[in-house]
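The values are calculated or read from the model by the stated rules, or taken from the named source; none is laboratory data. It should be emphasised that the depicted structure is a prediction, and the values quoted were computed from it without experimental measurement. Don't worry about glycine lacking a Cβ; one is built from the backbone with ideal geometry, like all the others, and counts go over all protein chains shown. Areas reflect the complete protein model, heavy atoms only, side chains present, ligands, DNA and RNA absent. Shrake-Rupley method; radii C 1.70, N 1.55, O 1.52, S 1.80 Å.
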Amino acid sequence: MEKRKKKEKGDGLFVNYCYLYKGWFQMSRWNILFMVMILAGGVSSLYMGLYLPKIAVSLVMSQVPLHEMAITFGLAGLLYFFLSWTENAGYRLMNSPSLKYRHVLEERILHKICRTAYCDLEDPDYKKRIEHAKHLYQHWDRDARQCIWDSVEFVYLLITIPITSGMLMSLHPTVIVVLAVGTWLQYRLSQRNIVWEKKYRDLWQPLEMRIDYISWKVADFSYAKDIRLYAADKWLLPKYKKLMGERRNWKKKQIMHGMGLSAAGKITEVVKQMFVYGFLLWGVISGNVRADDFVLYVGLALSLSDSFTQVAMRLSRVRESMLSISDYRKMMSMPDSRQREEKGDPGLPEGRAPGITFSHVSFAYPGTGENTLEDVDITIRPGEKIALVGANGAGKSTLVKLLCGLYEPTSGSVTIGGVPVRELSPGLRIRCLSVVFQDFQAYQLTLRENVAFGCLEALWDDKRLLEALRLAGGEELALSREEGMSREKGMSREKGLDRNLGKLEEDGQDLSKGQWQRVAMARAFVSQARYVVLDEPTASLDPLAESHMYENFARIFRERGTILISHRLASARMADKILVLDGGRVVQTGSHEELMAQEGLYRTMYLVQSSFYQEGKDAPGEGESVPGEMANGLEAGAERGRK
């Protein structure tokens with residue numbers, strides 16, 4: 001309980017803005033000077049502007065000669081101009097750094113996301129934290145830039161209110177009391193808006209996320225075929241409209257709630273000003289206030305009234321903006337899954353790939369409560385080639401995710417070379433494992449960058465990148481239009497590895513799914529990792545390209561360990577050892593010949609799948625997740641094998 005109180009205390013207005021300004025001043029010390037210019041110039045020009053009318057009236061009342069009057073008033077005017085210019089220059093000079101600060105904050109969040117545990121990124125609550133944190137650099141009304149402007153204005157008001165109040169004390173303290181009480185009422189009214197928003201924002205935030213999702217997907221070219229072929233727009237657009245209607249309803253409620261509070265605030269403002277004017281007029285009539293003082297007091301009273309109103313509004317905005325800062329801080333304070341990067345790595349044996357061990361590993365995906373893997377024991381000898389086979393949902397890809405450190409086992413341990421995977425830094429993990437997932441990513445960058453993601457050290461090694469593409473059957477992607485027209489229709493005129501892929505750039509060319517998979521496979525070939533993990537590596541390739549790819553696998557990975565996941569059981573024959581998974585357990589282990597000699601799940605599945613080829617049926621691409629009869633056959637074979 002005491003810890004919770006300390007945490008709440010540490011999450012206040014002062015702490016959050018100290019966090020904001022610490023980063024702001026660290027970015028550039030000049031920002032301190034710009035703020036001083038704004039505050040000093042603003043405060044000085046305010047009072048100089050209030051005194052100018054008094055000076056003018058006083059000169060007239062004193063019947064000062066015209067030339068003296070012109071000189072005096074001219075000098076005062078020049079001073080006022082200089083002070084105003086100083087304030088304005090401070091704002092203009094601070095404008096560009098504040099925009100840059102937004103970009104810095106966004107970059108920090110992107111770094112944080114990249115260093116966040118994979119399992120956290122799947123958590124809906126964590127996704128919500130990310131969305132809230134983005135307000136500090138994306139939402140125009142609450143971004144870091146606006147937070148800084150509002151807080152500077154607030155500090156300006158905190159300086160001017162005591163000064164103005166002290167000057168009005170000579171008139172009568174009642175004026176200050178009335179203005180202060182009225183402003184306090186206005187502030188309390190404005191606070192109710194914040195309370196209302198904090199109460200209900202978790203209800204409209206999911207609506208905004210779903211609206212954005214549909215908007216992005218409808219505009220995403222990769223979804224264009226499905227939307228047109230299945231007329232998905234007839235469902236998606238009405239759904240979008242419905243969600244927008246629900247969001248607008250919440251906005252209407254927010255506006256209606258604010259309108260009543262705003263009206264009450266305006267009435268309070270009118271009452272304040274009527275009192276001030278009445279008091280000053282009574283002073284003039286009674287002879288207690290001179291004409292030049294009347295002009296000054298009117299200006300001071302109006303300025304104080306406006307300052308009180310502004311301070312309530314600014315404090316309200318500062319508190320609203322504090323929510324964005326607080327959300328950003330909470331996001332940045334989340335545990336960092338890649339802190340091992342800065343520590344010393346445990347030593348691993350040089351040369352051949354180290355051994356891999358899964359020791360009594362069980363695992364359940366967060367929030368499911370049901371084990372996907374159950375007491376799995378696997379030992380992979382150094383450099384051994386392993387194939388993982390089994391029906392969909394058997395746990396093959398989950399094993400790979402645990403090996404890569406994307407998840408940690410619920411119980412048991414996963415080690416590489418005797419070292420727990422969680423203790424490996426990202427750099428060492430990359431040197432140990434190169435992974436090509438079935439759902440590989442197509443980056444709309446250059447061909448060079450896409451391939452070099454397998455080993456960034458090879459980014460400018462053209463020979464190595466081109467060789468990787470050749471081994472993956474994608475060498476034609478690096479040819480010019482004239483060189484590759486006969487084989488790859490429609491390629492860009494731009495030559496070589498620096499051609500843009502995808503539609504992000506004007507001269508970019510999108511690739512077929514098979515071509516993208518060749519690029520993904522080239523990442524594995526360019527890598528020098530000790531183990532290559534291939535999850536359905538040839539899913540989108542035609543049979544000839546698949547045969548060529550497997551020949552390259554056998555040749556290139558002779559000195560490296562290989563872990564292969566494939567529904568095409570014929571490809572498992574290249575493995576030294578095949579592990580058959582069913583229901584999250586390893587139910588069979590052995591070579592292809594050994595498993596075929598046994599009555600078991602592997603033999604049943606293999607015979608069921610091979611029957612489709614014997615009947616003259618083509619096996620479909622695994623990129624289609626083994627659909628139709630073949631998928632049913634595999635599942636049926638698995639079921640038959642279990643029985």
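So here's what we get for this one:
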| item | result |
| --- | --- |
| Rounded to the nearest 20 debye, dipole of the chain from Cβ charges on Lys, Arg, Asp, Glu | 1920 |
| Equivalent ellipsoid semi-axes - Cα gyration tensor, the range 13-84, angstrom | 41, 13, 4 |
| Residue among I211, W149, S165 farthest towards the positive dipole end of the range 111-227, charges placed on Cβ | S165 |
| Mean Cβ count within 10 Å, highest first, over the residues of peptides 51-58, 463-470 | 463-470, 51-58 |
| Amide proton proximity set for T372, modelled H, under 5 Å, gap of 5+ | F363, A364, Y365 |
| On Cα atoms only, tilt of 462-471 relative to the major axis of the chain in degrees | 50 |
| Top positive-direction residue, dipole computed over the chain with Cβ charges, set Q138, L66, L261 | L66 |
| Highest average packing first - 571-584, 74-87, Cβ atoms within 10 Å | 571-584, 74-87 |
| ³J(HN,Hα) computed for each position of the range 505-511 - Karplus, 6.51 cos²θ - 1.76 cosθ + 1.60, integer Hz, glycine/proline x | 9, 4, 9, x, 10, 7, 10 |
| Cross-link pairs K134/K199; K134/K266; K241/K401; K266/K330; K112/K463 - those with Cα-Cα distance over 27 Å | K134/K266; K241/K401; K266/K330; K112/K463 |
| D_trans [Stokes-Einstein, Kirkwood Rh over alpha-carbon pairs] for the range 99-197, 20 °C, 1.002 mPa s, µm² s⁻¹ | 124 |
| Phi to ³J(HN,Hα) by Karplus 6.51 cos²θ - 1.76 cosθ + 1.60 over the range 169-182, Hz, x for Gly, Pro | 4, 5, 7, 5, x, 4, 4, 5, 4, 4, 5, 5, 5, x |
| Value of D in µm² per second that Stokes-Einstein yields for the chain, Kirkwood Rh from Cα pairs, at 37 °C (0.692 mPa s) | 106 |
| Carbon + sulfur, % of accessible area of the chain - ligands and nucleic acids excluded, 1.4 Å | 57 |
| Pairwise Cα inverse-distance average, inverted: Kirkwood Rh of the range 129-175 (Å) | 13.1 |
| Amide H contacts of V289 (H built 1.01 Å from N, under 5 Å, at least 5 apart or other chain) | V284 |
| Under 5 Å, built H, 5+ apart or other chain: amide partners of A117 | S337 |
| In sequence order, calculated HN-Hα J values of the range 516-523 (Karplus, 6.51, -1.76, 1.60; Hz; x Gly/Pro) | 4, 5, 4, 4, 4, 5, 4, 4 |
| Accessible area per residue in Å² at 1.4 Å probe, computed on the chain | 53 |
| Length-normalised contact order of the chain in % [C-alpha pairs under 8 Å, at least 6 apart] | 13 |
